[in-house]
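*Asks:* A single structure is presented below for examination.
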Amino acid sequence: MGLVLFGLVLNSCQEEFEEVGGAEEQQTFMAGSSTSELIVKTSLNDGSFDNIVDGASCIAVQFPYTVDVAGIQITIDSIEDLELIEEIYDEFDDDEDILDFVFPITIILADFTEVVIENKEALRELAAECTEGGDDDDIECIDFVYPITLFTFDINEQETGNFRINSDRELRLFFKDLDDDDLISIDFPVTLVKADGTEIVVNNNAELATAIEMAKDECDEDDDDDFNDDDFSKERLDAYLVECPWEVREVKRDGMDQTDQYLEYLMTFTEDGAVSVKDRMGNMLTGEWSTRVSDRGVLLTLEFDVLVDFNLEWVVYEIDEHKIKLYADDGNKIILRQHCPDGDGGDDDGGDDNGIISIETLINTLTECEWIIKDLEVQNEEVLRLLGYEFIFNEDGSVTLGDGITTFDGVWEVGSNEAGDRTLLIEIMMETLVSLEWPLVDIEGSSIVDTTRITLKDEQIGYKMVLQKVCDDNAGDGDVSEIRNIMLGGLWNVALFEDEGVDETDDYAGMDFGFSMFNQVEVSINDDPITAGVWRVLRDTDGNLKFFLNLGDDETFSDLTEAWYIGEVTADRIELIYEDENVNFDKLVFEKKM
């Protein structure tokens, strides 16, 4: 085997990549090389997502932990729980935002080392070591698409191991255990994704290094203590203001609440710096607006002859989807809601006659049957842990979420948000992933009153949930009942499992799968249970027979957790198929144990 050396030389004038050896040879490089340094920096732990709690971008607090915010104790179990802290902070724009941890807490450093912190002083010392402003070592503008495979070699260039890497953490720890002169190589091609979502496929070491170098400074890493994460430019604000009229929702001037006087006034900004305001009687008032950038962020100046309560230079405290918050010292505040005309020129009255499901109809639909989680995305990432779990919405406003054995209780309510969208509010304390005021974006069925699938989505935070209607587990569907009865008739073994063409059947050798009538599946070896999960057989709104299998996040079984299409079925064999958005196929075959 020929040895291929790859060197990366950087100076102030140019970048030069030198590759020695043919393209067909194994491309190795040293663990202490510039290539390795780029890979390591790309895999470092980005701690900026939780700056609202620790004020430092190079560290992250390990879940779960408890904080005290304005006298309210909150347990933070996941990234989405950080939204609760921001909501409390945003409730009062002119107060001092104070957060205290309930110590001890565990901190995860950039290299994924875990450190136990006992008090506030120790946390401040650790946070002070961070480099803010985007000048730290962490490369955040481009990421690896996992899994990737790495190989190691001895001094005789003989392969000594291959490693399947599934995350930044695994990649960083892989390099941490190597010496600088250790030889490694990558199984190409490798896919990387940039901050704007663009994917890049690289086929060798030179292309990999170039891709990282070119992309590493292309985005705002947001490494600052701006917990709102509402960074925006003057140009973005200007374009947003003139996009549609803005409705006044709240006004406070000099600490006095003036909302009743100005509620529902409509402000229209034009590109020439003019702003007109229509009051509730239809009268038009005119003024001027301008923006500028300061060390406090972007400022908006409003000047009117009549509306003197609006005349200030306002800090644009937050811009959100369809909402802008303005703040000034001494208790001054304005909240505006974007008011874009809808497609038919009228406002949504929530009635069925205009194609928008009414509150009453939606309540009746949700309480009629059970609803199964068909799809769940959190921050635009698919979450399989709750696949196949069922909601039961009760008329008294209570709701349960369960897997057939364990049940979580909560409350629910149908309403509308500030943008006028119909919403489904779910609050389940023990399951924060579904606890949200979900905007209703799509319903499917033969009619609005015969809805069979509901899609809920909050694009701003990247949450999506699809619910499938199930009445008595589709008892009236003969195919569903027959398949369920077949699966209940004994133990089953994995006869075939192909993951994107790779045969991984042997991973499940000797395992028995038992499917119970309570939608539970238990996996055992020699009658000793090793894991359990949820299973269901349903027919979706497209008429397809689906087999929901959820065996949790355990590394061994997570690949089996999918909403599978049912292929061929016999009394002792069932074939399941899954196709993702990239047209990658998985195949799972169960055969009855004899």
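*Asks:* Which one is nearest to Asp257 (Cα to Cα) among residues in segment 320-339 that are open to solvent by 10 Å² or more (accessible area, probe 1.4 Å) and touching a helix residue (DSSP H, G or I) at 6+ places or on another chain (Cβ under 8 Å)?
*Replies:* By that ranking, first place goes to Lys325.
*Asks:* Search segment 399-440 for residues being open to solvent by 40 Å² or more (accessible area, probe 1.4 Å) and of a type in the set (A, V, I, L, M), and hand back the single one that is farthest from Gly462 (Cα to Cα).
*Replies:* Top of the filtered list is Ile405.
*Asks:* Looking only at strands (runs of 3 or more DSSP E) that fall completely inside segment 1-80, which ones have 2 or more residues that are modelled with pLDDT under 80?
*Replies:* 6-10, 15-19
*Asks:* Ok, one more. Anything in segment 102-130 that is among the aliphatic types (A, V, I, L, M) and part of a strand (DSSP E or B)? List them, or say none.
*Replies:* Taking segment 102-130 and keeping what is among the aliphatic types (A, V, I, L, M), we get 102, 105, 107-110, 115-117, 122-123, 126-128.
Ile105, Ile107, Ile108, Val115, Val116, Ile117 - these are the residues of segment 102-130 that are among the aliphatic types (A, V, I, L, M) and part of a strand (DSSP E or B).
*Asks:* May I pose another question? Name the pairs whose Cβ atoms lie under 7 Å apart, with the first residue in segment 421-432 and free of Cβ contacts under 8 Å to residues at least 40 places away in the same chain, the second of a type in the set (Ser, Thr, Tyr) and surrounded by fewer than 17 Cβ atoms within 10 Å (Cβ to Cβ), and 6 or more positions between them or separate chains?
*Replies:* Pairs that qualify, where the first residue is free of Cβ contacts under 8 Å to residues at least 40 places away in the same chain and the partner is of a type in the set (Ser, Thr, Tyr) and surrounded by fewer than 17 Cβ atoms within 10 Å (Cβ to Cβ), are Thr423/Ser416.
*Asks:* Taking the criterion of being at pLDDT below 90 and open to solvent by less than 20 Å² (accessible area, probe 1.4 Å), would at least one residue in segment 491-503 satisfy it?
*Replies:* no
*Asks:* Here are some conditions: (1) surrounded by 11 or more Cβ atoms within 10 Å (Cβ to Cβ); (2) touching a residue at least 12 places away in the same chain (Cβ under 8 Å). Glu522 meets all but one. Which one does it not meet?
*Replies:* (2)
*Asks:* How many residues does segment 229-238 hold that are modelled with pLDDT under 90, open to solvent by 20 Å² or more (accessible area, probe 1.4 Å) and part of a helix (DSSP H, G or I)?
*Replies:* Looking only at that region, the number is 3.
*Asks:* Given the condition of a type in the set (Asp, Glu) and farther than 17 Å from Cys58 by Cβ, answer yes or no: does some residue in segment 124-138 qualify?
*Replies:* Within segment 124-138, not a single residue is of a type in the set (Asp, Glu) and farther than 17 Å from Cys58 by Cβ.
*Asks:* Among the residues of segment 189-211, how many are touching a Ser or Thr at 6+ places or on another chain (Cβ under 7 Å) and surrounded by fewer than 16 Cβ atoms within 10 Å (Cβ to Cβ)?
*Replies:* Number satisfying all stated conditions: 2.
*Asks:* Follow-up. Which strands (runs of 3 or more DSSP E) does segment 131-228 wholly contain that include 2 or more residues that are in contact with a Leu (Cβ under 9 Å, 6 or more places away or on another chain), modelled with pLDDT under 90 and among the aliphatic types (A, V, I, L, M)? If you could, list the steps in order and put the result at the bottom.
*Replies:* Values: elements: 142-144, 148-153, 159-165, 183-186, 190-194, 199-202.
Result: empty, no element qualifies.
*Asks:* Just to be sure I understand the filter: pairs with C-beta atoms under 6 Å, separated by 6 or more residues or on different chains, first member in segment 387-403 and over 17 Å from Met430 (Cα atoms), second member aromatic (Phe, Trp, Tyr). Which pairs pass?
*Replies:* What qualifies is Gly388/Phe548.
*Asks:* Exactly one of these conditions fails for Ala110: (1) touching a Phe, Trp or Tyr at 6+ places or on another chain (Cβ under 9 Å); (2) small (Gly, Ala, Ser); (3) closer than 26 Å to Thr210 by Cβ. Give me its number.
*Replies:* Result: Ala110 passes all but (1).
*Asks:* Which ones in segment 371-398 are open to solvent by less than 20 Å² (accessible area, probe 1.4 Å) and touching a helix residue (DSSP H, G or I) at 6+ places or on another chain (Cβ under 9 Å)?
*Replies:* Ile373, Leu376, Val378, Leu386, Phe391, Phe393
*Asks:* Further question on the same structure: Report yes if some residue within segment 543-551 is aliphatic (A, V, I, L, M), more than 19 Å from Ile486 (Cβ to Cβ) and buried (at least 18 other Cβ atoms within 10 Å of the Cβ); otherwise report no.
*Replies:* yes
The values are calculated or read from the model by the stated rules, or taken from the named source; none is laboratory data. Source: prediction; values computed, not measured. As a convention, Cβ positions derive from the backbone with ideal geometry for all residues, glycine included, and neighbour counts pool all protein chains shown. Please note that ligands, DNA and RNA were not included when accessible areas were found on the heavy atoms of the full protein model with its side chains. Shrake-Rupley method; radii C 1.70, N 1.55, O 1.52, S 1.80 Å.
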